[in-house]
Each structure stands twice: as structure tokens, then as C-alpha cells.
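**Q** Here it is, the structure in full.
Here, each number is a calculation from the coordinates, and none is a lab measurement. No experiment lies behind these values; they were computed from the predicted model shown. Backbone-built Cβ (ideal geometry, glycine too); neighbour counts: all protein chains shown.
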Amino acid sequence: MSTELAARLAAMTPRQRAELRDRLASASPRQDSLTPGQRRLWRTHHEHAGTPVDVVCQVVELRGTVDTGALVDRVRAFAQAHEALRTTFTPVGDDDARPVVHDTLPPRVDRTPCADSATAHALAARLAAEPFDLAEGPLLRVTVAEGPDRGWLLVVAHNLVFDAWSFELLLDALDGGAGAGAPARPFSRFAAEQRRWLAGPDAAAAARYWTAEVADAPQAPPTDRPRGTDTPRAGARVDFEVGRATADGIAAGAKKAAATPYAGWLAVLWAALAEHGGHEDVLLGTFTAGRDRPGDDRVVGYLLNVLPVRLRDPGGGSHGARTRAAKAATTAGLRHAGYPGELVGGPPPAAVFVFDDLAGPERTVAGVPATTLDVDKGVARYDLTVAVYPGADGATGWLEYDTARYDRDTVVRLAGRFTAIADAAAAEGGDA
């Protein structure tokens, strides 16, 4: 290698080096096997055939008139550009599969008239309930529901090829905004790099860390009926909301603790579950984007990772002390966030925390203001999932529960205690 070339390579940013690797590869590395995350999804799909357990389902309200034809064209171009959305899965044996990437695999795209938001949500739920044929595809369905003065974009995809980050990449592409024109990075490249990483010393260190975290795990939160199998069943949700004073108070308390609002709300959930279960040692699942390597932010596919977070010592019991402890636990775990949660020993998490701050600038799609809304699909992936969405006017959220394990009255009481603890924490102001 010449001195000049070596100097030019050394001057590149990590993103530029990742893009160069992509350009130098004349073809994507073949993905002969599923990633650990995909293997879990594949098995769950077949254990619960015909139910939308691992299906992304979102409604995007478009508050204005859009060029529907152009929107449909952009959806199709996005699917063609991203390898994962041209992938199907051929069964191998009884519980595994091989990904098959097609040169073309158009998504299912439909247009339909729509009267209102409730009708759009009902249509999205029906789209999610339609079984996916993983061997034939396509695994992306998009419907543009058109009203007189606004529209709704209904996005339904199987998790095997799509996650929450992928959904945001789709919306960016549909709006033509920043990053929309960046070259797509193939999922097979992520899979190959993950496979190499898992064979190295950093993965071995991560495995030791997570083994220690789940060792002597505490009892899961109590349920109304005994746990049997840990696979998902029918689910329902209890919604909640808190005012702006409470949401602002949680954020302010987190700032005093040199933490993020995520840690502040995680501390609230910790206190609620400790009260519910009668012990302070709580083991939760939490989501990470799984995009830690340069270039992974441009990958469409299932990179999402579900990792444990162990909350043990609340200090003096104040909200500020809990927030600092939650920050310490999550910060330590983030150093090993590349390790697939499926490879961590022990039972899958019974309770999971979801957090998404919606207080940022308003999104536009196809040039008009847009609001994204999650759809209740009537299933529960875990025993209990608690989602919190801070916004400009406060915070909303829901508790999704497995109806085979919880009575609704129990979850309603838990939601009430969660919001009451949040109110008290905000009033405390994160006082150390």
C-alpha cells in the first residue's frame, strides 16, 4: 500500500470507511443462516402461527393532501433498495431457516378510501392479523388510506426483516429528508460482521458480563395465574397518561442525577414493580437499537436487541437514588449492548420497558405534518410490557399484558400505582 493511500484511509471517518467497504464489495456476503434474533423470531412465528406476535404495525396520520402515486412509488423504491425487504426464508429442518435474497420482491402496496382515524386503525389491525408466508413473501405491506383532507399510511411488516429503526428509515425515505439518499447497507453484511464479532474476545467479555447480571435472578413479578410456557399469548392494554408537570419533573430529576429521562422513568417502573412484587431486586428487559457499528444506522432489518437490566439497590429509596442506580445499571450494560439477548442464559424477560421520547420536532412525511401511532394487535410478546412516550404535553403510555396470566383489574391497579409514583417522583424533583 502506498504512503499516500494509507494516509487517505487513515483520514477517513468511521462512516466513510464503512461506505468504502460497501462499495468495494461487488456483492453482499451470503447469509446462510439466521442471526440469533431472527432465529428466535422464526421459532416464535411457528409456535404461534397465524398470530401477529412479531409483526410491526404502525399508523402514520398525514395531516394534509399528498401525491399518493409518488408516495407509492417511494415505498416500492425503498423496498427494492434494501436487501432485507427482498428476503424470504426457506425452512431447514424442524426449527431453522435459510434466508433467500431475491433480485426483486415488490412489497404489497394498496390504496383505499378511508373515513377517519378509527377506520384506519381497524384496517391496520386487520392487515397485521393476516398471516405472513415467510417462504413466499413479501414481508412488507403498506396501505395508503385516503380521506377527504388527510390520509393514513398503514405499515405492516414481519420483524424478521424490519424493526422500529427500519420504520424510521422508511419514513425518512418517504419524506426525502436528511439521510434519505444515503446508500443502503445490506443486512447480510451486518449478519456477517455480527458472526465475526461473536467469535472474538469482546463477545466473550460481554457473555461473562451478562451471565453475572442474570445469576441468581429474582422472581419475576407476580401474576394472577401461574406461569406455564414462556411463549406469547393473547394480550390487552391499559392506557395511562400524566400531565406536563409530571413529565417535566421526571426529566428535571433525571438531569439532577446526571441521567436521561429514560433512567428517570425506569426508576419509576422499578419502584412500582418493587412494590408490586415485594422485593427490590428487579430484572427487566429493555430494548437497544442494535446498531453499534459504523454504517449500521443505514441497515433495514431486524437488528433490535432485548437485553436484561438488573436493578438491585435503591440506596435510600428516593427517586433520585433510584435514578442514579438505574443510570449506572444501564450504562454498564451499554458497553456490552452488541451481545444478542437471545444468547444470554436464563428465562426470557417477564417484564419489559419501552421508552420513546416524542417531544422532538414534528415529523413530516411526503411534505405534510405526520403523527405516528402504535397499533394494539391484541397479542402480548411478554407477560408485561410498560411503554412510556413523553411528549410536548406530558407523557402517555400503556401496560400490555398477557391475558392468560393477568386479570385486567390487576393491571389497572399497577398502572394507577405507576402514575402515582411518577407524580410523587416529579414532586420530589430528583432530590438527592
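**Q** Using the 10 angstrom Cβ neighbour count as an exposure proxy, how do SER188, SER117 rank, fewest first?
**A** Numbers: SER188 22, SER117 16.
Listing SER188, SER117 from fewest to most nearby Cβ atoms yields SER117, SER188.
**Q** Amide H to amide H under 5 Å from ASP110: which residues, 5+ apart in sequence or cross-chain, H placed 1.01 Å off N in plane?
**A** Close amide H contacts, sequence-distant or interchain: VAL142, THR143, VAL144.
**Q** What ranking do 37-47, 202-212 get when scored by the average of other Cβ atoms within 10 Å per residue, highest first? Before the final figure, lay out the partial values.
**A** Details: 37-47: 19.0, 202-212: 14.9.
Final packing ranking: 37-47, 202-212.
**Q** Of PRO361, ALA10, THR143, which is farthest towards the positive pole of the chain's charge dipole, taken about the Cα centre with +1 and -1 on the beta-carbons of Lys, Arg and Asp, Glu respectively?
**A** It is ALA10.
**Q** Next question. With r as the distance between the Cβ atoms of THR13 and THR104 and R0 = 30 Å, compute the FRET efficiency 1/(1 + (r/R0)^6) and round to 0.05.
**A** 0.35
**Q** Take the Cβ-Cβ distance between THR371 and ARG208 as r, set R0 to 41 Å, and report the resulting FRET efficiency rounded to the nearest 0.05. Walk me through the intermediate numbers first.
**A** Values: r = 44 Å, r/R0 = 1.06.
Given R0 = 41 Å and the Cβ-Cβ separation, E is 0.40.
**Q** If the viscosity is 1.306 mPa s and the temperature 10 °C, what Stokes-Einstein diffusion coefficient in µm²/s follows for the chain when Rh is the Kirkwood radius over Cα pairs?
**A** Taking Rh from Cα pairs, D becomes 69 µm²/s.
**Q** Subtract the Cα-Cα distance of ASP357 and ALA70 from 0.36 nm times their separation in residues, and report this length gain in nm to one decimal. Please list the in-between numbers first.
**A** On the way: separation 287, 0.36 × 287 = 103.32 nm, distance 3.00 nm.
Additional length available on full extension: 100.3 nm.
**Q** At 10 °C and 1.306 mPa s, grab the translational diffusion coefficient of the range 338-416 from Stokes-Einstein with a Kirkwood Rh over Cα pairs, rounded to a whole number in µm² per second. Mind showing how you got there, number by number?
**A** Values: Rh = 15.2 Å.
For the chosen part, D equals 105 µm²/s.
**Q** On each of the three principal axes of the Cα atoms of the range 22-188, give max minus min coordinate, whole Å, ordered largest first.
**A** Projected onto the principal axes, the Cα atoms of the range 22-188 cover 50, 41, 22 Å.
**Q** So how far apart, in nm, are the two label points at GLU275 and GLU428 if each is 7 Å from Cα heading toward Cβ?
**A** 1.1
**Q** Per residue of the range 353-370, what does 6.51 cos²θ - 1.76 cosθ + 1.60 with θ = phi - 60° give for ³J(HN,Hα)? Whole Hz please, x for Gly and Pro, Karplus curve as stated.
**A** Using θ = phi - 60°, the values come out as 10, 10, 9, 8, 7, 9, 8, x, x, 5, 7, 10, 9, 6, x, 10, x, 9 Hz.
**Q** Once both labels are modelled 7 Å past Cα along the beta-carbon direction, what's the GLU146-ALA332 spacing in nm?
**A** Inter-label distance under the simple model: 5.7 nm.
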